[in-house]
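Down below is the structure, laid out as structure tokens.
The values are calculated or read from the model by the stated rules, or taken from the named source; none is laboratory data. Worth saying up front: this structure is predicted, and the values here are computed from it rather than measured. Heads up, the Cβs are rebuilt from the backbone with ideal geometry, glycines too, and the neighbour counts pull from every protein chain shown. Each accessible area value is taken on the protein alone, full model and side chains, heavy atoms only, with ligands, DNA and RNA left out. Shrake-Rupley method; radii C 1.70, N 1.55, O 1.52, S 1.80 Å.
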Amino acid sequence: MYASFKSIGAYVPQKRLTNKDLEEIVDTNDEWIKQRTGIENRFIADEDESTSDLAYKAAEKAIARSGLAKEEIDAIICATITPDFFCMPSTACVVADKLGIKYVTAFDISAACSGFVYALNIAKAFIESGLKKNVLIIGAEKLSAIVDYTDRTTCVLFGDGAGAAVIGASELLEESVLDIHTSSDGAYQDFLITPGGGSQNPCSQKVIDEHLQFLKMKGNETFKLAVNTLTKDVTRILQKNDMTSTDVDYFIPHQANFRIIDAVGRKLKFPQEKIVLTVAKYGNTSAASIPMAINDWYESGKLKQGDLMLLDTFGGGLTWGSALVYFNQKDS
Ligand code: UT7
């Protein structure tokens, strides 16, 4: 029995934050943001909207499109770095409650931007071992809650949103989550970090005064490492599966920066029409970025059942990963 990617769903909050809006907040400009990142816009959750609200709306769509009843979901994994609550309860438990799903395995994972691919890997293992039948995986972020809107080097990059997928089972290899590779290197832990609020530096007046509860990034260093690591990782998974870029229908990378995607896409010889790009619309939504991009491609009518997707991702930890996945939503 293989794990199979049975459906996709996403939710984007209403409030739009454009590059022009950001010009009013920090010393930046539309031209710099577009040229260095490709980002034109991002969406921001309301104050009373939490990560679980975004996740719940994406999950409802994914479950409806899977054709399953909610009761058939037997595990919920939520990948997020912006959980509703610090430590507990997990956002997955809160989402389960909002969905009305009881007595289900539910937990969060923390792998930053790589969270969705990590969650997919866990779901694959659950299903292929026979431990679970239908796993709801979610990537959801309210990054606006940890972005410092006085720091122009980070605040222009991030947005909020959620994406979800139902991973079920299939006997057919051509309907499967074919292969996944995930990895990390903690030596680069300070490249992307929220230094305050954890056990190393608990919440205090000092943490707040020094803005240590907010996300910090060594952008330039992260950029260089991302391009090299992703190129190597994608080459490795293709070679391992005896494939080249021509075998892949859509290359769906983490949407951090157009220049990273472009550099990796060129090195791997992906034609433009195979590269899924949503970074201009949504900015970087961390764990939500890949499922939001898959959903965009599906809703625009481009992604069809049987298409082979190549996912690749890179983020805080540092973590990274890639996956070869047949899209198996029946109504597509
Ligand atoms: O999702 C997780 C993984 N994340 C990533 O992979 C992100 C990787 N990094 C990046 O995408 C890019 O490094 C950034 C978009 C963050 C920055 O682009 P960059 O080309 O690496 O710029 P830089 O950091 O080298 O800064 C160039 C200049 C600096 O000015 P000086 O020192 O040359 O005078 C910055 O102070 O741009 C300045 N700058 C800005 N100017 C206008 C930095 N941020 C801004 C800004 N607006 N928002």
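Condition first: hydrophobic (A, V, I, L, M, F, W, C), outside any helix (DSSP H, G or I), within 14 Å of the ligand (Cβ to nearest atom) and not assigned by TED's automatic domain parsing to the domain that holds D160. Can you find one or more residues in segment 208-215 that meet it? Yes, segment 208-215 has at least one match. Of all residues in segment 1-24, which are among the β-branched types (V, I, T) and surrounded by fewer than 20 Cβ atoms within 10 Å (Cβ to Cβ)? Passing the criteria: only T18.
Residue count for segment 263-290, restricted to those that are within 16 Å of the ligand (Cβ to nearest atom), more than 16 Å from the chain's Cα centre (by Cα), among the hydrophobic types (A, V, I, L, M, F, W, C) and surrounded by fewer than 20 Cβ atoms within 10 Å (Cβ to Cβ): 1. Looking across segment 233-262, the residues that are assigned to a helix (DSSP H, G or I) and either within 15 Å of the ligand (Cβ to nearest atom) or within 26 Å of G159 (Cβ to Cβ) (or both) come down to D233, V234, F258, R259, I260, I261, D262. Within segment 216-232, the set of residues being farther than 27 Å from S199 by Cβ, within 9 Å of the ligand (Cβ to nearest atom) and open to solvent by 20 Å² or more (accessible area, probe 1.4 Å) comprises N220, F223, K224.
Being closer than 18 Å to G168 by Cβ and modelled with pLDDT of 95 or more is a condition met by at least one residue of segment 314-323. Only residues that are of a type in the set (G, A, S) and within 14 Å of the ligand (Cβ to nearest atom) were counted in segment 291-327, giving 5.
Which of the residues that make up segment 173-186 are open to solvent by less than 80 Å² (accessible area, probe 1.4 Å) and either more than 18 Å from T313 (Cα to Cα) or among the aromatic types (F, W, Y) (or both)?
Within segment 173-186, E175, S176 qualify.
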